[in-house]
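See structure below.
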Amino acid sequence: MYSVADAEKAHIFLPLTMFFGASCLTAQNNRTTDDIEAITGGFRLLESNGGPGFGGEIQSCLEALRKMQSFNNLAKDHLGILERQDFMPDYR
Amino acid sequence: MALSSQFENFRDTLYNETRQMLEVLDLCEDDMGVVHIEQVQAWLLITHYEFARANYRRAWVSAGRTFRLVQLAKLHEVDSPENILGNEDPILLEEKRRTFWVAYCLDRFICMESRWPLTLIEEVVRAISPIYHTDQANVSLQICTRLPSPELAFQGGHPIQLCFLSEAIASNDHALFSPLAECAILVTICGRAMSHSQVSKVEKAAYGNASLDFWLRHEWLDGMLNKRLDALTVTYPVVSAVADSMLLFAFMLAQTTVVYLANIIEGLGAGTQYQPAVAEYQKRAMRAATEIARLSKAHEQIGYIKVSNRILTPTAPPLAVVQRC
């Protein structure tokens, strides 16, 4: 469906957008019910189509970053942060 | 070229030689008024290459050098009234515009990455002549370089003149722009969101809560972003966005900004009276992040066997041009 030439044109800062997406989903996955209650007052947030949690979506971002890291240091750097055990999205 | 996989063996040589040539140029030139457009373009290429292949610090320093050259070449005022003489080659003019917008976007991407301040700001205070610098009538407060022409028109040698960034931002219609212009508009919204975030932190420290101004700014940014997202979605089906790297990036940048706006609210720790709004922004952020993941998957499934990345610089000069400078 897509040619190799299409992939060759990947924007160099594409990993940044993937990082933002994965961070947001990770933050949501890490939230307890109490956290959500405190932030939103109990309003229901979106749930993944693939069941509870956003593991599948996060993996999609990580896989894309893994493939890009061999030729893009920004992908490598962001992947390194996301894969840290103690990774905590920072909004402040 | 140095980033393409088929030139992997020449990569370092190309990079080192280009960089050396540029360093020599900097040593030779002592005239503040002369900056060749190819010199700026070459520095842009070097910067992109360093972000991808060298270390971040070196890339960041090169970016700063590029931005100074952009300012020295006055690429932010290509279409200012006193610069329009009517006899300049329209292709060269468009090349200058595109070089400016690539640098402008790069500045904001770096800011998003590192949260460092911008260099190429939107509010350009420009006196027509130094002797008139106190005359308000002669001062412009905006970037005087039109948004880049659609790619096909430029490649065909007949670039189309688009509006200015400030007009595109102020406009209420869902005008269609080239992917590069769309990126410039989206990254501007994102840049303003970053500034909004900084101001809101100061306000929170001063007043202890979100001010009315905070919500006005936030809703304005959100409205602007939704307008661009609607225009993108209506105009470009997602499949073509994946086939076109710049469009794919524009889509992902727009979704990233949705996430960023939700992060600003969450970081603010708004009081209970704002919880419905916070929940709504969070819901949209989740949807945007899910869309980023979906687009990442589509991108990841593109064949990577021979893949390397190529920077998105529509004005990339051949090495011979750099050598001529």
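Every read-out reported here was derived from the displayed coordinates using simple, explicitly stated rules and does not represent laboratory data. Source: prediction; values computed, not measured. Every residue, glycine as well, gets a Cβ built from its backbone with ideal geometry; the counts of neighbours run over all protein chains shown.
What spacing in nm lies between the two simple spin-label points modelled at B:R57 and B:A206, each 7 Å away from Cα in the Cβ direction?
3.7
What distance in nm lies between label points placed 7 Å from Cα along the C-beta direction at B:Q71 and A:S70?
Using points 7 Å along Cα→Cβ, the separation is 4.1 nm.
How many Cβ atoms of partner chains, on average, are near each residue of B:281-287 if near means within 10 Å of its Cβ?
Values: counts 1, 10, 5, 1, 8, 10, 2.
Counting Cβ atoms of other protein chains within 10 Å of each residue's Cβ and averaging gives 5.
How much length is gained if the chain between B:S166 and B:N16 is pulled fully straight, taking 0.36 nm per residue apart and subtracting their Cα-Cα distance, in nm to one decimal? Show your work: numbers first, answer last.
Working: separation 150, 0.36 × 150 = 54.00 nm, distance 3.89 nm.
Result for the pair: 50.1 nm of gain on full extension.
A:N29 to A:I81: extension gain in nm, 0.36 nm per residue of separation minus the Cα-Cα distance? Present the calculation step by step, with values, prior to reporting the outcome.
On the way: separation 52, 0.36 × 52 = 18.72 nm, distance 1.66 nm.
17.1 nm is the gain from fully extending A:N29 to A:I81.
Can you sort B:H48, B:H196 by how many other beta carbons sit within 10 Å, fewest first? All intermediate terms of the calculation are to be shown ahead of the outcome.
Working: B:H48 27, B:H196 19.
Ascending number of Cβ neighbours within 10 Å: B:H196, B:H48.
Once the other residues with Cβ under 13 Å from the Cβ of B:N172 are scored (Lys, Arg +1; Asp, Glu -1), what is the net sum? Can you show the working numbers first?
Working: positive: B:K227, B:R228; negative: B:E167, B:D173, B:D230.
Summing Lys and Arg as +1 and Asp and Glu as -1 gives -1.
Kindly flag which residue pairs out of B:K227/B:K283; B:K204/B:K283; A:K76/B:K96; B:K201/B:K283 have an alpha-carbon separation exceeding 28 Å in this structure.
Details: B:K227/B:K283 18 Å; B:K204/B:K283 24 Å; A:K76/B:K96 32 Å; B:K201/B:K283 23 Å.
Violating the 28 Å Cα-Cα cut-off are A:K76/B:K96.
Sort A:60-72, B:169-181 for me by packing, meaning the mean count of neighbouring Cβ atoms within 10 Å per residue, highest on top. Numbers along the way, then the final one.
Values: A:60-72: 22.4, B:169-181: 16.4.
Final packing ranking: A:60-72, B:169-181.
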